[in-house]
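Before any comments, here is the structure.
The values are calculated or read from the model by the stated rules, or taken from the named source; none is laboratory data. In this text the structure is predicted, and so the values were computed from the model without any measurement. Quick reminder, even Gly has a Cβ in these numbers, built from the backbone with ideal geometry, and neighbours come from all protein chains shown.
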Amino acid sequence: MVSIVANQSEILKAIQGTNIWSGQNIQQFNTLAIAWSIASDMFSVGARYQWVTLSFLLGFAVPLPFYFLHRFTGWRAFSYINLSIILWFMGNLFVGVNSSILSFFIIATFSQFWLRKYRPQLFVKYNYLVSAALDGGTQVLVFVFTFAVFGGSGTAVSFPNWAGRPNPDTHNNDYCMVNPANAG
């Protein structure tokens, strides 16, 4: 961690960050500490950010329609909709690098819906093992890539340009002709 902070400190302090390094998640703790220290002025009902406080009530009410729909119709699909998890991941969409969310939902849907429903013996036998292997493999690759490729040790390895990789001139992932820096 010391090596990463020493070698990427300017990027970690920047508001924008890059497609690899971002200090946005860590910097939000500083912002939250300041905001909650003056919470009565900001988050009380009638104050500017009253909906932050009122969202606790809203968060309690949002799952209730699905509960009642399951209760009165008996349709099991309503009991599988977990809005707490869905909305939690939707909240992560605006913070930095979030390309893993689609693959997470694909694997989770395959495992928790198809495999559990159509191959329950395989689900019971292998789901925990495959989950641990995916998590462990991801953590090992993140560690190796952090230092060997992405510049955590000081020097980043440059990859060739191809579709899906940010264009170094425009920082645009889809190589659109419109430069996002000039589009606004």
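Among the residues of the stretch 64-121, those that are β-branched (V, I, T) and in contact with a helix residue (DSSP H, G or I) (Cβ under 8 Å, 6 or more places away or on another chain) comprise I81, V95, I101, I107. State yes or no: is G23 in contact (Cβ under 8 Å) with a residue 60 or more places away in the chain, out of contact with any His (no Cβ under 6 Å at 6 or more places or on another chain) and surrounded by 13 or more Cβ atoms within 10 Å (Cβ to Cβ)? Taking the combined requirement at face value, the residue does not satisfy it.
Grab the helices (runs of 4 or more DSSP H) fully contained in the stretch 38-138, keeping just those with 2 or more residues being under 17 Å from the mean Cα position of the chain (by Cα) and surrounded by 12 or more Cβ atoms within 10 Å (Cβ to Cβ). Qualifying helices (runs of 4 or more DSSP H): 83-91, 100-109.
The set of residues from the stretch 6-17 being surrounded by 13 or more Cβ atoms within 10 Å (Cβ to Cβ) and either touching a residue at least 40 places away in the same chain (Cβ under 8 Å) or part of a helix (DSSP H, G or I) (or both) comprises N7, Q8, I11, L12, G17. Screening the candidates T73, T109 for the property of being of a type in the set (V, I, T), farther than 30 Å from I11 by Cβ and at pLDDT 90 or above yields one hit, T73.
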